[in-house]
Amino acid sequence: MEAGSPYPEPPLRLVDATGIEPAGAPRMVLEVRRRVEQGERVIVVIDSLLTHPASIPLALAADTALLCITLGETDFGSAEKTLKLVGAERFAGSVTFPRATKKQRRAAAEKKKKP
């Protein structure tokens, strides 16, 4: 979002699809496509395809993907499986993130509990 913020046109929208249920994925794909057709740029955040298969339709519907790897948590085999599921040619690249601290994990869990 920060990288796209200096370019306000077309509008940039962030969609958090983490925790999406299988029944909700097709609706989310349609919603994202509608926004793109209206001229918006959309970034969709999804869970790991291996631990949350409901995210697969969203990944496959994307024009481009970015593989996000958590150091010390994501293993090479899982990253490779993800590339194969989506198609390596569809990835713009990858980024690595440090492992979340206990405090950060606790705060994220509390945030998910709020309605």
Long-range amide H partners of Val15, meaning residues 5 or more apart or on another chain whose placed amide H is closer than 5 Å, are Ile43, Val44, Val45
Beta carbons within 10 angstrom, averaged per residue: use that to sort the peptides 62-70, 33-41, highest first. 62-70, 33-41
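Every number here is computed from the coordinates shown, using simple stated rules; none is lab data. A quick note: this is a predicted structure, and the numbers were derived from the prediction, not measured. Counting neighbours? That spans all protein chains shown, and the Cβs are built from the backbone with ideal geometry, glycine included.
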